[in-house]
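The values are calculated or read from the model by the stated rules, or taken from the named source; none is laboratory data. Predicted, not measured: the structure shown is a model, and the values here were computed from it. Note that each Cβ is placed from the backbone with ideal geometry, even for glycine, and that neighbours are counted across all protein chains shown. Note: accessible area is taken over every heavy atom of the protein model, side chains too, but ligands, DNA and RNA are not part of it. Shrake-Rupley method; radii C 1.70, N 1.55, O 1.52, S 1.80 Å.
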Amino acid sequence: MSVDSRRIENVFAVMEGLASSGDGLVRVGEVADALREGNAPIPVWQLRADCAALAQAGRLQLHAQSGAWVVVAEQSAKGVA
């Protein structure tokens, strides 16, 4: 697995955790905070690119009303790369 794929999978795992413990909507800032707390910070611009890659793979959807991301349940087991 490439470094990029591993990072994207880590971001997705954090997003799944945040979605399941909250209202299902995940904001990039929440992901950045969680990664920073876990001593694995990623710049917000990179997180946005990773979310775009996950959305393109069908694993995330953008919630238009809030601007937050929603994890697509039936796609959560599939990898990006």
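Summary table
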{"read-out": "Residues of region 1-21 classified as under 21 Å from Gln65 (Cα atoms) and either without any contact (Cβ under 8 Å) to a residue 40 or more places away in the chain or open to solvent by 30 Å² or more (accessible area, probe 1.4 Å) (or both), total", "value": "4"}
{"read-out": "Output for region 46-70, where each listed residue is part of a helix (DSSP H, G or I) and not aliphatic (A, V, I, L, M)", "value": "Gln46, Arg48, Asp50, Cys51, Gln56"}
{"read-out": "Filter pass, Leu25 being under 12 Å from the mean Cα position of the chain (by Cα) and buried (at least 17 other Cβ atoms within 10 Å of the Cβ)", "value": "no"}
{"read-out": "Cβ pairs under 6 Å, 6+ apart, first in region 47-69 and more than 20 Å from Asp33 (Cβ to Cβ), second assigned to a strand (DSSP E or B) and open to solvent by 30 Å² or more (accessible area, probe 1.4 Å)", "value": "Gln61/Val70"}
{"read-out": "Any chance Ala40 is small (Gly, Ala, Ser), over 14 Å from Val71 (Cβ atoms) and modelled with pLDDT under 95", "value": "yes"}
{"read-out": "Counted residues, region 22-45 - those being assigned to a helix (DSSP H, G or I), without any contact (Cβ under 8 Å) to a residue 12 or more places away in the chain and over 24 Å from Ala73 (Cβ atoms)", "value": "3"}
{"read-out": "Region 30-55: number of residues that are within 12 Å of the chain's Cα centre (by Cα) and open to solvent by 40 Å² or more (accessible area, probe 1.4 Å)", "value": "5"}
